[in-house]
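Sharing a structure, written as C-alpha cells. Questions coming.
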Amino acid sequence: MLRVACGGEGFARARSFTRDTLRGWSLEHRGDDAVLVVTELVSNAVTHAVPSAAAGAPEIRLGLVLGPARLTLTVSDPGDNGPVFDPSDGSALREHGRGLCIVDALAEEWGWAPRPPAGKTVWATLSTRPLT
C-alpha cells in the first residue's frame with residue numbers, strides 16, 4: 001500500500017511503486033498497462049475526489065494485490081461519488097476525460113465500492129498471463 005501525494009511527485013512515486021512491485025513479482029510484462037491504469041485512477045482521484053473531500057490533508061492510497069491469475073490495482077480516495085463512465089459520450093475524442101475509457105480498454109474488469117465511513121475504492125484487474 002502506498003499513500004499518494006496530490007501532485008507530480010505523488011504520480012511519479014505511484015508509477016515507480018507499481019513498476020517496482022511488478023518487477024518483484026516477475027510481472028514486468030504487465031508493467032506498461034498497470035502503470036497506465038494506476039495513473040488514470042490516481043488522476044481521477046486527485047481531480048474529482050480530493051476537491052470534494054472534507055478539510056484536511058486528503059488521503060489517496062494505491063494498492064496492488066496479486067492473485068493466482070490476476071493483478072488487482074486499487075485506488076482509495078476520500079470522495080463519496082462513484083466514477084462516471086459513459087463510452088457513448090464522445091469522451092474518446094476529447095483531450096481530457098478519457099481516463100475510464102482507457103481503464104475499460106486495458107482491464108479485464110473494473111468497478112468501485114464505497115469505503116465507510118467516507119470515501120471509495122476504485123479497482124481494476126489485469127490478467128497475469130504473458131502477453132502473446
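Readers should treat all values here as calculations from the given coordinates under stated rules, not as data from a laboratory. None of these values were measured; they are calculated from a predicted model. Cβ coordinates were reconstructed from backbone atoms using ideal geometry, including for glycine residues, and neighbour counts include every protein chain displayed.
Residues with amide H under 5 Å of residue 128's amide H, sequence separation 5 or more or different chain, H placed in the peptide plane at 1.01 Å from N; which?
Here 70, 71 satisfy the definition.
Mind listing the long-range amide H neighbours of residue 120? Cut-off is under 5 Å, sequence gap 5 or more, other chains count too, H placed in the peptide plane at 1.01 Å from N.
Amide H neighbours of residue 120, under 5 Å, 5+ apart: 77, 79, 115.
Around residue 118, under 11 Å between beta carbons, what's the net of Lys plus Arg minus Asp minus Glu among the other residues?
Taking every other residue near residue 118 into account, the sum is -1.
Right, another one. Residue 28 to residue 66: extension gain in nm, 0.36 nm per residue of separation minus the Cα-Cα distance? Each step should come with its number before you reach the end.
Working: separation 38, 0.36 × 38 = 13.68 nm, distance 1.32 nm.
Extending this stretch completely gives an extra 12.4 nm.
Residue by residue through the range 71-78, what is 3J(HN,Hα) from phi via Karplus (6.51 cos²θ - 1.76 cosθ + 1.60, θ = phi - 60°)? Round to whole Hz and write x for glycine and proline.
Computed from phi, the couplings for the range 71-78 are 10, 10, 9, 10, 10, 9, 9, x Hz.
Additional query: So which trypsin sites (Lys or Arg not before Pro) in the range 1-51 are both in a DSSP loop and have at most 11 other Cβ atoms within 10 Å of their Cβ?
none
Would you mind computing, in nm to one decimal, how far apart the modelled labels at residue 131 and residue 16 are, each placed 7 Å from Cα along Cα→Cβ?
Result for the modelled spin labels: 2.4 nm.
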